[in-house]
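Asks: One structure coming up, written as C-alpha cells, with questions to follow.
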Amino acid sequence: MTMQPDLEANPGTILETARTQVLEQGIGLSESQLVEILRLPDRDLPAALQIAHEVRLRHCGEDVEVEGIISIKTGGCPEDCHFCSQSGLFDSPVRGVWLDIPELVKAAKETAATGATEFCIVAAVRGPDIKLMNQIKFAIDRINEAVDINIACSLGMLTQRQVDQLAAWGVHRYNHNLETARSYFPEVVTTHSYEERLDTCNMVKAAGMELCCGALIGMGESLEQRAELAAQLAALEPHEVPLNFLNPRPGTPLENQGIMDGKDALRAIAAFRLAMPRTVLRYAGGRELTLGDLGTRQGLRGGINAIIVGNYLTTLGRPADADLNLLVELNMPIKELQKTL
Amino acid sequence: MIPNRSSGPTGSTTGSAAMFCGHCGVPSDGGDSPASDVHHRCGERLAMEPPRYCAACRRRMKVQVTPLGWTAECSRHGVLAP
Ligand code: SF4
Ligand SMILES: [Zn+2]
Ligand SMILES: [Zn+2]
C-alpha cells in the first residue's frame with residue numbers, strides 16, 4: 001500500500017473540521033460528515049488516521065484494552081444473521097457444541113495471563129434460557145474464585161429479568177451488536193428486528209452494565225449506510241464498539257461477498273473513532289484477512305484502542321504474542337485491571 | 001500449523017494420508033495435506049481456522065476454539081489439537 005502522506009489538514013476540509021470539532025471540542029462527527037471521511041481519497045487517508053489517533057490519545061489515553069472471548073455454546077442458533085456460521089439455518093460446517101465449565105475457567109486463566117482484563121463469554125442463541133442462565137451463573141462464580149478478570153457476556157436478546165440477574169451476578173459488560181445500519185439490517189437478518197436489538201442494548205445500559213455494541217462492516221452496505229451505522233452507534237453511547245470486518249463463512253448467504261478493501265477498512269476505523277471520540281474501539285473479527293499486518297498497525301495508530309487477544313469464536317486470530325509484542329513496539333501499554341464492582 | 005492427532009480411540013492413524021480436506025471436506029488428492037488447486041485456498045484457510053472435517057472419514061468434527069487454542073473431535077477418530 002503506497003500512500004503519499006499529507007498530514008496537514010487544509011482549512012475548510014472535513015479533516016480540518018475533524019480537528020477542531022472532534023479533537024479540540026470532543027464532539028463526534030455527524031452522519032453526513034462521516035460520509036465525507038469514508039469518501040476521502042487515498043492521499044488523505046494518512047491524515048485522517050493521524051487525526052483519529054490524536055483523538056484517541058486525547059480522549060481515551062494511550063492504553064490498549066485487551067480482551068479474550070470464548071464460546072460457551074457454539075452453533076445451532078435459530079436466528080438467520082446472514083454472515084454467521086453459527087446459525088442452524090445454513091449449511092455451515094460448524095457443529096453445535098457446549099464448553100464445560102472447567103475448560104472455561106482454564107481459558108479465563110490463560111487469558112488473564114496474557115495481561116487481558118476482559119473475558120467475554122458468548123453463546124450462539126436468540127436469547128438465554130434457564131439452562132444457559134444457570135450455566136452462566138455457575139461459570140461466573142467459578143471464574144471469580146480462580147482468577148482476577150472482568151467478566152463480560154454476550155447471550156443474545158435479554159428480558160428485563162435476565163438483565164437484572166446478570167447485573168446482580170457481577171457481569172461488568174454486556175455485548176449485543178447492532179451489526180449494521182438500520183436501513184440495511186433487513187437485508188442481513190430476518191428473524192429479529194433492529195428494534196429488538198436496541199431494546200436489549202438500552203436495558204443493559206439502564207441496569208448499569210457497560211454496553212459493548214459492535215459493528216460488522218463489509219457486508220455489501222453502502223458508504224452512506226456505514227456512516228449511518230457509526231452515527232447510530234454513537235447515539236447509543238456504548239462503552240465499547242467492537243469493529244468486525246466480514247470474513248465470509250462457508251455455507252452462509254454471504255459466503256461469496258468477498259473481503260473488503262483494506263483502505264476502506266482503515267477509512268472506517270478513522271470514521272468510527274471520529275464519530276465516537278471517547279468509546280473503546282476494539283479490533284474484532286476479520287482484521288487479519290482485511291488489513292494484514294501492515295493495516296493492523298495503521299489501525300492501531302488510527303483510532304483503535306482495544307484488541308481481542310488470540311482466537312475468535314470459531315476462527316483463529318493472530319498468535320497472542322504477535323499482538324502483544326506489537327503493542328510493546330508501538331509503545332502502547334496494556335490497560336490495567338480496574339474492578340468496577 | 002499442521003494439527004496432530006493427539007488422542008482418541010484410533011490414535012494410531014497419526015501420520016496416515018489425509019483422505020479429505022479438513023476445511024471443505026472434499027476428497028484431497030493424496031499426501032499428508034491437500035495440495036491441489038482445489039484445496040490451495042483451503043490450506044491457507046487452515047492457518048486461520050481449525051479444521052471442520054475429519055481428514056480420515058469426512059465426519060464434521062466438534063470444534064471448540066479458546067483464546068489460546070482449539071480442539072476438533074471426530075466421534076470415530078478422536079481429538080485433534082494444534
Ligand atoms: S444471533 Fe448471533 S449466533 Fe445467532 S445467527 Fe445471529 S450472530 Fe449468529
Ligand atoms: Zn478443501
Ligand atoms: Zn473421523
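Asks: Scan the range A:78-100 and give yes if some residue there is without any contact (Cβ under 8 Å) to a residue 60 or more places away in the chain and over 21 Å from B:ARG59 (Cα atoms), otherwise no.
Replies: Yes - at least one qualifying residue is present in the range A:78-100.
Asks: Could you check A:GLN225 against (1) assigned to a loop (DSSP other than H, G, I, E, B); (2) under 30 Å from A:VAL163 (Cβ atoms); (3) of a type outside the set (Asp, Glu) and say which number it fails?
Replies: So the condition that A:GLN225 fails would be (1).
Asks: Here is a follow-up. So which of A:LYS109, A:LYS137 ends up being open to solvent by 60 Å² or more (accessible area, probe 1.4 Å) and touching a helix residue (DSSP H, G or I) at 6+ places or on another chain (Cβ under 7 Å)?
Replies: Exactly one of A:LYS109, A:LYS137 is open to solvent by 60 Å² or more (accessible area, probe 1.4 Å) and touching a helix residue (DSSP H, G or I) at 6+ places or on another chain (Cβ under 7 Å), namely A:LYS109.
Asks: Within the range A:112-130, take every residue that is closer than 20 Å to A:LEU313 by Cβ and away from chain B (no Cβ under 12 Å) and give me the one that is surrounded by the most Cβ atoms within 10 Å (Cβ to Cβ).
Replies: Among residues in the range A:112-130 that are closer than 20 Å to A:LEU313 by Cβ and away from chain B (no Cβ under 12 Å), the one surrounded by the most Cβ atoms within 10 Å (Cβ to Cβ) is A:ALA124.
Asks: I've got another one for you. Collect the residues in the range A:51-70 that are in a loop (DSSP other than H, G, I, E, B) and either of a type outside the set (D, E, K, R) or within 14 Å of another protein chain (Cβ to nearest Cβ) (or both), keeping them in residue-number order.
Replies: A:CYS60, A:GLY61 - these are the residues of the range A:51-70 that are in a loop (DSSP other than H, G, I, E, B) and either of a type outside the set (D, E, K, R) or within 14 Å of another protein chain (Cβ to nearest Cβ) (or both).
Asks: Kindly provide the set of residues from the range B:63-77 that are within 9 Å of ligand 3 (Cβ to nearest atom) and either at the interface with another protein chain (Cβ under 7 Å from one of its Cβ atoms) or open to solvent by less than 10 Å² (accessible area, probe 1.4 Å) (or both), ordered by number.
Replies: B:CYS74
Asks: Something else now. Checking A:ASP323 against (1) open to solvent by 10 Å² or more (accessible area, probe 1.4 Å); (2) in contact with a strand residue (DSSP E or B) (Cβ under 9 Å, 6 or more places away or on another chain); (3) not in a loop (DSSP other than H, G, I, E, B), which test does it fail?
Replies: (1)
Asks: Which of the following residues is under 19 Å from A:ASP42 (Cα atoms), more than 16 Å from the chain's Cα centre (by Cα) and β-branched (Val, Ile, Thr): A:ILE269, A:ILE259?
Replies: After ruling out the rest, the residue left standing is A:ILE259.
Asks: Let me ask something else about it. Specify the residue that is farthest from A:LEU274 (Cα to Cα); the eligible residues are those in the range A:207-236 that are open to solvent by 20 Å² or more (accessible area, probe 1.4 Å) and without any contact (Cβ under 8 Å) to a residue 40 or more places away in the chain.
Replies: A:GLY220
Asks: Are there any strands (runs of 3 or more DSSP E) wholly within the range A:160-221 with 1 or more residues that are among the polar types (S, T, N, Q), and if so which?
Replies: Of the strands (runs of 3 or more DSSP E) lying wholly inside the range A:160-221, those with at least 1 residues that are among the polar types (S, T, N, Q) span A:173-175.
Asks: Considering only chain B, give the strands (runs of 3 or more DSSP E) lying wholly within it that have at least 2 residues that are within 16 Å of ligand 1 (Cβ to nearest atom) and at pLDDT 95 or above.
Replies: B:62-66
Asks: As an exercise: evaluate A:GLN162 against (1) away from every other protein chain (no Cβ under 11 Å); (2) closer than 21 Å to A:THR315 by Cβ and give the number of the one condition it does not meet.
Replies: Result: A:GLN162 fails condition (2) only.
Asks: From A:TYR283, A:TYR312, which residue is within 11 Å of chain B (Cβ to nearest Cβ) and of a type outside the set (S, T, N, Q)?
Replies: Going through A:TYR283, A:TYR312 in turn, the sole match is A:TYR312.
Asks: On the basis of being within 14 Å of chain B (Cβ to nearest Cβ) and within 19 Å of B:LEU68 (Cα to Cα), does A:ARG249 make the cut?
Replies: Considered against the rule, which asks whether it is within 14 Å of chain B (Cβ to nearest Cβ) and within 19 Å of B:LEU68 (Cα to Cα), A:ARG249 comes out as no.
Asks: Which residue pairs have Cβ atoms under 7 Å apart, sit 6 or more places apart or on different chains, and have a first residue in the range A:139-164 that is over 25 Å from A:CYS213 (Cβ atoms) and at pLDDT 95 or above and a second that is open to solvent by 70 Å² or more (accessible area, probe 1.4 Å) and not hydrophobic (A, V, I, L, M, F, W, C)?
Replies: A:ALA146/A:LYS109; A:VAL147/A:LYS109
Asks: Pairs only if they're at least six apart or on different chains, beta carbon under 7 angstrom, first in the range A:48-76 and at positive phi, second crowded, with 17+ Cβ neighbours inside 10 Å and of a type in the set (Val, Ile, Thr); list them, first residue then second.
Replies: A:GLY75/A:VAL94; A:GLY75/A:VAL97
The values are calculated or read from the model by the stated rules, or taken from the named source; none is laboratory data. Being a predicted model, the structure only gives us computed values, none of them experimental. For neighbour counting, all protein chains shown are included, and Cβ atoms are generated from backbone atoms with ideal geometry for every residue, glycine included. In case anyone asks, the SASA skips ligands and DNA or RNA and just uses the protein heavy atoms, side chains included. Shrake-Rupley method; radii C 1.70, N 1.55, O 1.52, S 1.80 Å.
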